[in-house]
Amino acid sequence: MATQQTDFSQGSVKRRILAQALPLTLAQAVQLLYNIVDRIYIGHLPGEGDLALTGLGITFPVIVLIAAFTSLFGTGGMTLFSIARGRRDEQEAERILGNVFALLAISAAVLFVLSYALRRPILFAFGASELSFAYADAYLRIYLLGTAFSMFTTGLNGYINAQGFPRIGMLTTVIGAALNVVLDPVFIFLLDMGVQGAALATVISQAVSAIWVLRFLTGKKAILRLKREAIHIDLRRTGRICALGLPGFVVQGTNCLVQILCNTQLQTYGGDLYVGIMTVIGSVREVISLPVMGISSGAQPVLGFNYGAGEFGRVKEAIRFTSLIGFSYTMLMWILIMLIPHELMGIFSAEPQTIAIGAKMMNLYFFGFVFMAGQFSGQMVFQALGRAKRAIFFSLLRKVIIVAPLTLLLPALGLGVKGVFLAEPISNAVGGMACFLTMWFTQYRKL
C-alpha cells in the first residue's frame, strides 16, 4: 500500500497533483504566518507602526538571500531525488539527501557569520534611513540566530513531500507557525519587546519545525532516510544539484536584487512611507501567490517521477492541468485586488495616509497579474524535467533584464515612485508569457 501511495505513475494525474499540492499549499500558507503575522502586529505598534514596518521591509533582501541558498540546494536536490525515485534507485536518492543536508549546514554557518558581522553597512545599502535602521537592526540581529533552523526546515521539508507524505510535510510548518502566532503577541506586546519580540518568536518557531523535519527524515516512517554515512559532499553530485537548483536560486537572488533596488529608489523618490507601502504590497503578493505556487510545487515531484518513468502522456496531462488552474486563479486574484485595495492595506496599517496612497500603488503593482501564471507554469516544467538552463534564462529575463532596469529607468523619466511600482506588471506580461510559450512549444509539444 505504501508503494502504491507513493508511486506517482499510477492513478489519476490530477488527483496525484492535488494530493501533493493541497497539503503543501496549506503548509506554505501557514509558513507565511511567520512573516505576515509579524508584519501585521508590527504595523499596528502604537505611534511607531509604519516606521517599524519600514524597518522590517529593509531586512527582506537578507531573508530572501538566505532563502535563495536554501532553494539552490533544496530544490535542486529534490528534482534529482524525485527522478532517482522514479528510476527505483533508492540508494542514490539517499545519497542526494545526505549531500543536500551537508550543503545546507555549511551555507547556513557562512551566511550567519557574514550577515551578522556586516549587517550595518548591508542595511544602509539596502535602503535604510537613520530612523528605520534602528528597527531593521533590532529585528535582524535576532532573526539571523535562526539561519540554520530556517534553512533546514525549508530546504529539507520537500523531501518529505517527495516521498508521498504531504500531510507530514504540512505539519512541519503548521506546528512552527501556530507556535509563532501564539508567541508573537506575548513577546511584542505583553513583554514589550517590539520588533525584537517578533524576531525571537520566529526563531523559536523555526527551531521547533527544524527538529520535526529532522526527526522524521531520520526515523522509521520515512521511506528514504537521512543517514549519517550519506552526509558528505560529493563534488560531482553537488554540481548536478546546483545546476538544477540554480533556477530557484536565480529567482530568489534576483528577487533580492529587485527588492534592494526598489527600497533604494523608493527611499530616494518617496522616503520611508513608500518603503513601508512596498513591504505591505509584498506581503499581499506572497499571500495571493500561494495557491498557484502550491500547485506548481505539488506538481513537480509528480512530473519528475513520471518523466523518469517514461510516462510522457501523464507529464503532458499534468502540464495542462496546472497551467489551467494557474491562469484561472491569477485572473480571479487580479479582479479581487482591484476591488478591495483599501481593505488589504488596512490589514497592515491604521494610518489613513498610508492606506490611501498604498491602495493606489497596489492597483499599479498588480495590473495584469494574470500573466504571472505563465512564469509559474514555465518554470515548474523546466525545473521538473531537468531543463536547468532554460529555467535560469527566464528567471534572469524577467527580473534582471526587465524589472531591474525599469526600476531604475522609469522613476528617472519623470514617473517617480509610480515607476517603481509599474516595473513589476510590465515584467509579468513580457517575461511571464515568453516563459510559458517557450515551454509550450519546446517541451510540451515534443513530449
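For all pairs of alpha-carbon atoms in the stretch 340-380, what percent lies in each bin of width 10 Å, listed from the first bin to the last filled one?
Percent of pairs per bin, in order: 28, 35, 24, 12, 0.
Of GLY313, THR79, LEU261, which is farthest towards the positive pole of the chain's charge dipole, taken about the Cα centre with +1 and -1 on the beta-carbons of Lys, Arg and Asp, Glu respectively?
GLY313
How far is the Cα center of the stretch 122-193 from the Cα center of the stretch 207-286, in Å?
That distance is 12 Å.
Quantify how much of the Cα-Cα distance distribution of the stretch 34-124 extends past 23 Å, in percent. Mind dumping the intermediate values first?
Details: 1940 of 4095 pairs.
Percent of Cα pairs beyond 23 Å in the stretch 34-124: 47.
Using a 1.4 Å probe, how large is the accessible area of PHE189, given in Å² and rounded to the nearest 10?
Per-residue accessible area (PHE189): approximately 80 Å².
Per the 1.4 Å probe, what fraction of the accessible area of the stretch 114-162, in percent, lies on carbon and sulfur atoms? Intermediate values should be presented prior to the final figure.
Working: 1260 of 1820 Å².
Answer for the stretch 114-162: carbon and sulfur cover 69 percent of the accessible area.
When you take every Cα atom in the chain, what is the radius of gyration, and what is Dmax, the widest Cα pair distance, in Å?
21.1, 64
With +1 on the Cβ of every Lys and Arg and -1 on the Cβ of every Asp and Glu, and nothing else charged, how large is the dipole of the stretch 100-209 about its Cα centre, in debye rounded to the nearest 20?
Approximately 240 debye in magnitude.
Could you pull the accessible area for MET331 with a 1.4 Å probe, rounded to 10 Å²?
The accessible area of MET331 comes to roughly 80 Å².
Treat every Asp and Glu Cβ in the chain as -1 and every Lys and Arg Cβ as +1, leave all other atoms uncharged, and give the resulting dipole magnitude about the Cα centre to the nearest 20 debye.
Values: 34 positive and 21 negative charges, 395 e Å.
The dipole of the chain has a size of about 1900 debye.
If a/c stays under 1.5 just call it rounded; otherwise compare a/b with b/c (prolate if a/b is bigger, oblate if not). Do that for the stretch 121-274, with a ≥ b ≥ c from the square roots of the Cα gyration tensor eigenvalues.
Numbers: a/c = 2.65, a/b = 1.44, b/c = 1.84.
Judged from the Cα gyration tensor, the stretch 121-274 comes out oblate (a/c at least 1.5, b/c at or above a/b).
Excluding HIS44 itself, calculate the net charge of residues whose Cβ lies under 14 Å from the Cβ of HIS44, where each Lys or Arg counts +1 and each Asp or Glu counts -1. The partial results should precede the final answer.
Values: positive: ARG39; negative: ASP38, GLU48, ASP50, ASP184, GLU351.
For residues surrounding HIS44, the net value is -4.
For the stretch 141-241, which trypsin sites (Lys or Arg not before Pro) pass both filters: DSSP loop (anything but H, G, I, E, B) and at most 14 other C-beta atoms within 10 Å? Show your work: numbers first, answer last.
Working: sites: ARG141, ARG167, ARG215, LYS220, LYS221, ARG225, LYS227, ARG228, ARG236, ARG237, ARG240; in loops: LYS220, LYS221, ARG225, LYS227.
Loop-located and lightly packed - LYS220, LYS221, LYS227.
Which shape class, rounded, prolate or oblate, goes with the stretch 234-392 when its Cα gyration tensor gives a ≥ b ≥ c as root eigenvalues, a/c under 1.5 marks rounded, and past that a/b bigger than b/c marks prolate?
Details: a/c = 3.43, a/b = 1.72, b/c = 1.99.
Since a/c reaches 1.5 but b/c is at least a/b, the shape of the stretch 234-392 is classed as oblate.
In the stretch 351-439, if every C-alpha pair distance is counted and binned at 10 Å from zero, what percent goes to each bin?
Here the calculated profile for the stretch 351-439 is 18, 40, 27, 12, 3.
When the solvent-accessible surface of protein heavy atoms is calculated with a 1.4 angstrom probe, in what order do MET362, MET170 fall, highest first? Let's see the in-between values first.
Values: MET362 0, MET170 40 Å².
So the residues, ranked largest to smallest area, are MET170, MET362.
If I ignore ligands, DNA and RNA and count only protein heavy atoms, how much of TRP440 is accessible to a 1.4 Å probe, in Å² to the nearest 10?
About 70 Å², ignoring ligands and nucleic acids.
Pull up the cross-link candidates among the lysines for LYS446, meaning alpha carbon to alpha carbon under 30 Å and not fewer than 8 places away within one chain.
Here the lysines satisfying the reach criterion relative to LYS446 are LYS14, LYS316, LYS389, LYS399.
May I have the extent of the alpha carbons of the stretch 292-344 along their three principal axes, as whole Å values ordered from largest to smallest?
Extents along the principal axes, in whole Å: 50, 15, 6.
Taking each full run of DSSP H in the chain as one helix, which ones are at least 27 Å long along their axis (Cα atoms) and have mean Kyte-Doolittle hydropathy of at least -1.0? List each step's numbers first, then the result.
Working: long enough: 13-43 (43 Å, 0.66); 49-86 (50 Å, 1.37); 90-117 (41 Å, 1.13); 166-185 (30 Å, 1.08); 194-217 (35 Å, 1.40); 235-269 (47 Å, 0.42); 272-308 (50 Å, 0.88); 312-339 (41 Å, 1.10).
Flagged H segments are 13-43, 49-86, 90-117, 166-185, 194-217, 235-269, 272-308, 312-339.
Tell me the Rg and the Dmax, in Å, that the Cα atoms of the stretch 316-371 produce.
Using the Cα atoms of the stretch 316-371, the pair Rg, Dmax is 14.7, 49 Å.
Run the numbers for ASP234 and LYS446: contour at 0.36 nm per residue of separation, minus the present Cα-Cα distance, in nm. Can you show the working numbers first?
Numbers: separation 212, 0.36 × 212 = 76.32 nm, distance 3.35 nm.
Going from the current span to full extension adds 73.0 nm.
In percent, how large is the relative contact order of the stretch 210-362, given Cα pairs closer than 8 Å and 6 or more residues apart?
Details: 57 pairs, mean separation 25.1, N = 153.
Relative contact order, the stretch 210-362: 16 percent.
How long are the semi-axes of the ellipsoid equivalent to the stretch 240-298, from square roots of 5 times the Cα gyration tensor eigenvalues, in whole Å, largest first?
On the way: eigenvalues 153, 58, 5 Å².
They are 28, 17, 5 Å, listed from largest to smallest.
To the nearest 20 Debye, how big is the dipole of the stretch 349-447 about its Cα centre, given +1 on the beta carbon of each Lys and Arg and -1 on that of each Asp and Glu?
On the way: 9 positive and 2 negative charges, 105 e Å.
With Lys and Arg at +1 and Asp and Glu at -1, about 500 debye.
Once the stretch 103-178 is represented by equal point scatterers at the alpha-carbon sites, with solvent omitted, what log10 I(q)/I(0) does the Debye formula produce at q = 0.17, 0.19, 0.25, 0.26 Å⁻¹?
Values returned for q = 0.17, 0.19, 0.25, 0.26 Å⁻¹ are -0.77, -0.85, -1.06, -1.10.
The values are calculated or read from the model by the stated rules, or taken from the named source; none is laboratory data. Keep in mind it's a predicted model, so treat the numbers as computed, not measured. Glycine also receives a Cβ, built like all others from the backbone with ideal geometry; neighbour counts cover every protein chain displayed. Note: areas computed on protein heavy atoms with side chains; ligands, DNA, RNA excluded. Shrake-Rupley method; radii C 1.70, N 1.55, O 1.52, S 1.80 Å.
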